[in-house]
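**Student:** Supplied in structure tokens, the structure appears directly below.
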Amino acid sequence: MYTQAMSVGPQDAPSKKIKTAEELQQEQAFEARIDAGDFIEAKDWMPEHYRKTLVRQISQHAHSEIVGMLPEGNWITRAPTLKRKAILLAKVQDEAGHGLYLYSAAETLGTSRDQMLDALHSGKAKYSSIFNYPTLTWADIGVIGWLVDGAAIMNQVPLCRCSYAPYARAMIRVCREESFHQRQGYESLLVMMREGTPEQKAMVQDAVNRWWWPSLMMFGPADKDSPNSEQSIRWGIKRVTNDQLRQKFVDATVPQAEILGVSLPDPDLKWNAERGEHDFGAIDWAEFWRVVNGDGPMNRERLGARVKAWEDGAWVREAALAHARKQATKEQAA
Ligand code: FAQ
């Protein structure tokens, strides 16, 4: 049943039922393929837990893309120039496309789009914590491109090598588009910081202050508190751990902040020559879990907007279905 598929976690550890010799053989053959670096296709045999983990991650990823359209969509009508509006429109449309590729990839695992959307709308499925924060000023749009898309790329490039081939293939195109998203955000901030008024520069700094910590939270809980990581790494679903990706993101972003001329809101952030990477301050995990569990600044609005869009679109789905049925009847009659 779908609700089970969506709630894979430590509580749903692989079934302890006694396996038949055939099942054991299939499992061993699967593990051998994973060890050999093979990609798994939709029709290949796979353990139920592998399938459920993928449905959970890919559908949550798809939901994130679709919910992620809302914070930026909020600024399309208020973009400062025609050029910025065209770029933002293209970016938000890209996110819709990413959602569609990802829902399609998840569907190959035997879960329907309706089931996935039902899980989102009923609050059973998660989506990225980052989209539960408000976009208060135009600078937030640049900062989302720079930091949020920057974090998304860091996380998603390794997913192009995910052991599940349909997901890996979808991620290749997604990553190319995310690179444009990151670039456009950074460029818009550069313009504001180099040519802007003192008020505009202050607006950029304020946006960076608000988005920095939530961006670090995007990578998920610390490895020691991440119930899914070990098995997902073992199966090649995730190739790099949450903490490793977070560290790479910090190291890549610090020099970009210097070029921009903004500071990052962490007094403990400094280069550690011994380790060859940056030290950074403690993440507020209580805030992270509050937001993940539905009590962030914008959770209710975001979910409310998605449910409303679904309900408002009912007539389109009904009309499309009626048309498809009519076509099918005509073809049968012919
Ligand atoms: N927010 O054991 P782990 C984007 C949940 S796309 C909410 O470490 P896992 C593009 C996690 O689901 C952004 N929940 O889990 C864009 C799990 O709960 P569950 C989305 C989170 O799966 C840009 C529990 O905590 N990207 O930004 C978060 O091994 C701009 C324990 O965690 C993806 O989805 C979080 N931040 O690792 C769009 C990438 N972190 O399901 C518009 C694909 C963790 O057991 C504008 N996903 N949780 O109930 C992944 O790489 C992984 O799923 C992680 C989490 C790394 C997110």
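The values are calculated or read from the model by the stated rules, or taken from the named source; none is laboratory data. It should be emphasised that the depicted structure is a prediction, and the values quoted were computed from it without experimental measurement. No Cβ is skipped: glycine too gets one built from the backbone with ideal geometry, and neighbour counts run over all protein chains shown. With ligands, DNA and RNA removed, areas are computed over all heavy atoms of the protein, side chains included. Shrake-Rupley method; radii C 1.70, N 1.55, O 1.52, S 1.80 Å.
**Student:** Which length gain, in nm to one decimal place, applies between W271 and E311 when the Cα-Cα distance is subtracted from 0.36 nm times their residue separation?
**Tutor:** Numbers: separation 40, 0.36 × 40 = 14.40 nm, distance 5.05 nm.
The W271-E311 span can extend by a further 9.4 nm.
**Student:** Going by average Cβ neighbours within 10 Å, how do the peptides 136-149, 227-240 rank, with the highest at the top? Please list the in-between numbers first.
**Tutor:** On the way: 136-149: 24.4, 227-240: 17.9.
For the peptides 136-149, 227-240, the packing ranking is 136-149, 227-240.
**Student:** Let me ask something else about it. With every protein chain left in place, what is the accessible area per residue of the stretch 251-334 in square angstrom, probe 1.4 Å? Can you show the working numbers first?
**Tutor:** Details: 5800 Å² over 84 residues.
About 69 Å² of surface per residue is accessible.
**Student:** As a test of understanding, state the convex hull volume per residue of the stretch 263-334 from its alpha carbons, in Å³. Provide the component values of the computation, followed by the final result.
**Tutor:** Numbers: hull volume 16.0 nm³, N = 72.
Here the figure is 223 Å³ per residue.
**Student:** Follow-up question, since we're still on this one. Need one number for the chain: average projected area of the convex hull over its C-alpha atoms, nm².
**Tutor:** Mean orientational projected area (the chain, Cα hull): 21.3 nm².
**Student:** Would you mind pulling out the separation of the Cα centroids of the stretch 166-195 and the stretch 93-132, in Å?
**Tutor:** For the stretch 166-195 versus the stretch 93-132, the Cα centre distance is 21 Å.
**Student:** For G261, what charge total do you get from the other residues with a beta carbon under 10 Å from its beta carbon, if Lys and Arg give +1 and Asp and Glu give -1? If you can, show how the numbers build up before the last one.
**Tutor:** Numbers: positive: R194, K201; negative: E258.
Charge balance near G261 sits at +1.
**Student:** Moving to a separate point now. For I18 paired with R113, estimate the spin-label separation in nm (one decimal), with each label point 7 Å from Cα along the Cα-to-Cβ line.
**Tutor:** The answer from the label model is 4.5 nm.
**Student:** Something else about it: Grab the alpha carbons of the stretch 198-257, take their convex hull, and tell me the volume per residue in Å³. Before the final figure, lay out each step's value.
**Tutor:** Working: hull volume 4.8 nm³, N = 60.
With only Cα atoms used, the stretch 198-257 gives 80 Å³ per residue.
**Student:** Charges on Cβ only, +1 for Lys and Arg, -1 for Asp and Glu, centred on the Cα centroid of the stretch 196-334; of S229, A319, A333, which one is farthest towards the dipole's positive end?
**Tutor:** A333
**Student:** Between R234 and S122, how high is the FRET efficiency from 1/(1 + (r/R0)^6) when r is the Cβ-Cβ distance and R₀ = 30 Å? Nearest 0.05. Could you put the intermediate results ahead of the total?
**Tutor:** Details: r = 31 Å, r/R0 = 1.03.
Calculated value: 0.45.
**Student:** Also: Just reorder R302, R290 by solvent-accessible area, largest first, 1.4 Å probe, all chains present. Please list the in-between numbers first.
**Tutor:** Details: R302 20, R290 115 Å².
Largest accessible area first, the list is R290, R302.
**Student:** Any idea how far apart D225 and A29 come out in nm if each label point goes 7 Å out from Cα toward Cβ?
**Tutor:** Using points 7 Å along Cα→Cβ, the separation is 4.2 nm.
**Student:** Sorting check: for 277-287, 209-219, which peptide has the highest mean count of neighbouring beta carbons within 10 Å, and how do the rest follow?
**Tutor:** On the way: 277-287: 13.5, 209-219: 20.9.
Packing order, densest peptide first, comes out as 209-219, 277-287.
**Student:** How large a share of the accessible area of the chain, in percent, is made up of carbon and sulfur atoms when the probe is 1.4 Å and the other protein chains stay in place?
**Tutor:** On the way: 9500 of 16840 Å².
C and S atoms contribute 56 percent here.
**Student:** Relative contact order for the stretch 118-274: what is it in percent, counting Cα pairs under 8 Å that are at least 6 residues apart?
**Tutor:** About 29 percent, as a whole number.
**Student:** Work out how much length V191 to A319 would gain on full extension: take 0.36 nm times their residue separation and subtract the Cα-Cα distance, in nm to one decimal. Intermediate results must be reported in sequence, preceding the final value.
**Tutor:** Numbers: separation 128, 0.36 × 128 = 46.08 nm, distance 4.62 nm.
Result for the pair: 41.5 nm of gain on full extension.
**Student:** Let me check against my output: what whole-number percent is the relative contact order of the stretch 150-223, with C-alpha pairs under 8 Å and at least 6 apart?
**Tutor:** Numbers: 36 pairs, mean separation 23.1, N = 74.
Computed value for the stretch 150-223: 31 percent relative contact order.
**Student:** What length, rounded to one decimal in nm, is gained on full extension from A286 through to W45, with 0.36 nm per residue of separation minus their alpha-carbon distance? Please list the in-between numbers first.
**Tutor:** On the way: separation 241, 0.36 × 241 = 86.76 nm, distance 3.95 nm.
This chain segment gains 82.8 nm when fully extended.
**Student:** Also, quick follow-up: So what is the relative contact order of the chain, in percent, for Cα pairs below 8 Å that sit 6 or more residues apart? If you can, show how the numbers build up before the last one.
**Tutor:** Numbers: 363 pairs, mean separation 62.2, N = 334.
Reported relative contact order: 19 percent.
**Student:** Still on this structure, please answer the following. Please grab the % of Cα pairs in the stretch 132-197 that end up more than 18 Å from each other. Each step should come with its number before you reach the end.
**Tutor:** Details: 979 of 2145 pairs.
When all Cα pairs of the stretch 132-197 are counted, 46 percent exceed 18 Å.
**Student:** Shifting gears a bit: Could you give the Stokes-Einstein D for the stretch 191-334 in µm² per second, using the C-alpha Kirkwood radius, 25 °C, 0.890 mPa s? If you can, show how the numbers build up before the last one.
**Tutor:** Numbers: Rh = 19.7 Å.
Estimated diffusion coefficient is 125 µm²/s.
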